[in-house]
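None of the figures in this text is laboratory data; all of them are computed from the coordinates on show. None of these values were measured; they are calculated from a predicted model. So basically every Cβ, Gly included, is an ideal-geometry build from the backbone, and we count neighbours across all protein chains shown.
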Protein chains: 2
Amino acid sequence: MKRSQRIAAMTHYFKENPRILVSLPFFVKTYEAAKSSISEDIDIIDDMFRQLGIGRIETVSGYSGGVKYVPDYPLEASQNFIDELIELLKDPTRILPGGYLYMSDLLGHNYYVRRIGKIFGSAFQHIEADYVVTVATKGIPIAYAVAEALNLPVVIIRRDPIVTEGSTISINYVSGSSRKIQSMALAKRHITPGSNVILVDDFMKAGGTIKGMESLMAEFDAHVKGIGVLAEAEDEDEERRVMNYTSLLKIHDVNEKTQDVKVMRGNYFDS
Amino acid sequence: MKRSQRIAAMTHYFKENPRILVSLPFFVKTYEAAKSSISEDIDIIDDMFRQLGIGRIETVSGYSGGVKYVPDYPLEASQNFIDELIELLKDPTRILPGGYLYMSDLLGHNYYVRRIGKIFGSAFQHIEADYVVTVATKGIPIAYAVAEALNLPVVIIRRDPIVTEGSTISINYVSGSSRKIQSMALAKRHITPGSNVILVDDFMKAGGTIKGMESLMAEFDAHVKGIGVLAEAEDEDEERRVMNYTSLLKIHDVNEKTQDVKVMRGNYFDS
């Protein structure tokens with residue numbers, strides 16, 4: 001196999017297996033090439049990935065060492081992408097009754113969802129977590145995209161406990177927007193007690209849902225190590241109940257009368 | 001830029017943009033290389049992608065032509081993957097009360113979900129569709145994975161209509177498993193009338209849910225061009241209400257007494 005062929009195959013391999021350690025002998029055997037050639041191939045790919053701003057190939061030395069692809073999304077590219085999203089969200093036809101903003105079409109596209117996942121992946125890259133946890137429904141695609149970047153499994157909390165998951169733990173919480181008591185549930189076998197988790201959701205107002213997720217995680221003796229919400233909005237009537245979180249968008253005002261939508265970059269881009 | 005560098009960058013580009021037509025002049029400009037060099041690079045990548053069994057680079061000739069990456073998952077690799085899944089599912093600790101089988105942990109891993117998406121992507125590669133449609137909750141990750149392979153947007157039907165989507169159309173249907181009347185809803189602006197859609201879900205027994213999705217699609221004047229379910233199971237009490245569908249797994253029997261689980265390849269692998 002020629003170098004150019006190996007580079008195509010190895011680029012594919014790294015992109016399919018983010019954050020997974022692979023030994024050089026594996027590549028040596030797979031591509032029937034000398035270790036020195038493989039090392040040079042990896043240097044070329046590492047250099048190119050850095051130039052493209054998609055991450056880096058990290059070398060782990062020692063007996064059980066090897067290389068792994070660590071995805072990254074540089075701050076400037078993240079800002080450009082979020083600004084692109086903000087322009088789309090400012091469209092007054094997105095205003096829904098009640099001052100909500102229609103976003104489901106955008107969250108239906110892998111183009112947007114995967115980039116959102118990559119940004120959170122960069123934001124949380126130094127957290128040692130065991131699961132990405134979300135609550136049905138709209139947070140699910142975002143959670144899978146974050147999990148892809150971090151090579152973690154996803155756990156979905158349900159609002160409607162169903163029979164096909166075995167015994168569950170459920171909690172009640174007060175929804176910030178409706179002030180109603182709601183419940184969420186998770187099957188016992190979903191999370192190993194004592195795990196570290198990252199919570200992900202699409203939207204946060206007062207933070208009642210995130211707070212509920214935190215309570216449920218406490219029931220599993222799980223430690224919340226990071227919280228990511230795509231968009232946060234202020235609640236006029238209530239103080240925020242969650243303090244340490246990362247947001248990519250801030251929805252300041254959705255005015256049905258003036259048809260004005262004020263959206264800004266979230267706190268990930270502060271400072 | 002050297003050939004090996006271009007190959008790394010272009011392999012990344014194709015994998016990020018499946019089924020999107022890109023003109024050769026775009027690559028010529030981006031990598032400051034001669035058109036003949038770019039053509040050779042593409043031949044190398046095409047050849048490697050075919051060897052790896054991950055698809056091909058198709059050339060579209062003419063003035064508005066170019067090249068595009070069409071992902072594929074060869075039948076043999078699909079069979080091996082599904083057999084791997086079957087081995088995992090046979091584990092008797094997966095048996096849940098009521099004869100259900102615990103699969104949520106597997107569906108929480110991108111490793112499994114993305115491969116399931118790629119197989120359906122191959123199965124449906126010749127269908128001209130506008131959307132991949134699923135119903136909350138467990139079908140969602142599968143739908144995004146299928147949509148990724150086919151470069152289509154995802155539309156999520158809700159069982160719990162919520163306020164933040166604008167006006168919705170809802171239908172009632174009879175659930176096969178519980179014999180209860182249930183409802184599903186979709187915001188009007190989600191689907192353009194007259195669209196072609198592919199329906200995706202994780203599980204089908206008598207087919208009541210899929211039938212409900214079909215009815216809802218009819219309300220949008222949408223044409224169902226393909227139906228994909230990860231696992232089908234027979235319903236002892238009722239005949240199947242959906243005929244043309246593609247399944248990857250068949251769950252024949254989950255016996256709580258004998259702890260026996262019979263799972264086989266689905267109808268995609270028939271003939």
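Distant-in-sequence amide contacts of B:Ile20, defined by a placed amide H-H separation under 5 Å and a gap of 5 or more residues or a different chain, comprise B:Tyr69. To the nearest ten degrees, helix B:3-16 and the longest principal axis of the Cα atoms of chain B are 30 degrees apart. When we measure straight from the Cα of A:Lys225, which lysines land under 16 angstrom away, once same-chain ones fewer than 8 places off are left out? List returned: A:Lys211. What separates the B:Met264 label point from its copies, with the point 7 Å along Cα to Cβ, is 6.2 nm, written shortest first. Pairs from the table (A:Lys90/B:Lys2; A:Lys118/B:Lys68; B:Lys180/B:Lys262) lying more than 32 angstrom apart at Cα are A:Lys90/B:Lys2. Modelled this way, with points 7 Å down the Cα-to-C-beta line, the labels at A:Ile127 and B:Thr93 are 2.8 nm from one another.
Under the simplified labelling scheme, the A:Lys35-B:Ser61 pair shows an inter-label distance of 4.9 nm, with each label point 7 Å from Cα along Cα→Cβ. Copy-to-copy label distances for B:Lys29, where each label lies 7 Å from Cα along Cα-to-Cβ, are 4.6 nm in order of increasing length. Each copy carries a label point for B:Asp47 at 7 Å from Cα toward Cβ; from one copy, the others' points are 2.3 nm away, ordered from shortest. By the rule of a C-alpha distance below 17 Å, with chain neighbours fewer than 8 residues away ignored, the aspartates and glutamates paired with A:Lys188 are A:Asp130, A:Asp160, A:Glu165, A:Glu214, A:Glu219, A:Asp221, B:Asp105.
Maximal additional length on extending the B:Asp270-B:Gln79 stretch stands at 67.7 nm, based on 0.36 nm per residue less the C-alpha distance.
Computed from Cα atoms, the angle from the helix A:208-219 axis to the main principal axis of chain A rounds to 60 degrees. For n ≥ 4 DSSP H runs only, could you compute -39500 (n - 2.57) per run for the protein assembly as shown, divide by its residues and tell me the 222 nm figure to the nearest 500? Value at 222 nm, helices only: -11000 deg cm²/dmol.
For the stretch A:3-71, what does the alpha-carbon gyration tensor say about shape, rounded, prolate or oblate, given a ≥ b ≥ c as the root eigenvalues, a/c under 1.5 as rounded, and a/b over b/c as prolate? Cα axes put the stretch A:3-71 in the oblate bin. Residue by residue, the stretch B:51-58 carries 3J(HN,Hα) couplings of 4, 6, x, 10, x, 8, 9, 9 Hz when phi is fed to the Karplus relation 6.51 cos²θ - 1.76 cosθ + 1.60 (θ = phi - 60°); x denotes Gly or Pro. In the stretch B:3-71, Cα pairs under 8 Å separated by at least six residues give a relative contact order of 39 percent. For chain A, the gyration tensor built on C-alpha atoms gives an oblate shape. Its axis ratio a/c (a ≥ b ≥ c) is at least 1.5, and a/b is not larger than b/c. Spacing of the modelled spin labels on A:Gln51 and B:Lys180, each 7 Å from Cα toward Cβ, amounts to 5.9 nm. Per-residue Cβ neighbour counts within 10 Å put B:Glu32, B:Glu219 in the sequence B:Glu32, B:Glu219, beginning with the fewest. Ordered by the number of other Cβ atoms lying within 10 Å of each residue's own Cβ, fewest first, B:Thr164, A:Thr137, B:Thr209 fall into the sequence B:Thr164, A:Thr137, B:Thr209. Among A:Asp105, A:Asp237, a tally of other beta-carbon atoms within 10 Å of each Cβ gives an order, fewest to most, of A:Asp237, A:Asp105.
Cut-off 10 angstrom, C-alpha nodes, Gaussian network model of chain B. Which of B:Asn110, B:Asn244, B:Asn151 fluctuates the most? Looking only at B:Asn110, B:Asn244, B:Asn151, the biggest GNM fluctuation is shown by B:Asn244. Rounded is the label for the protein assembly as shown, because a/c, from the alpha-carbon gyration tensor with a ≥ b ≥ c as root eigenvalues, stays below 1.5.
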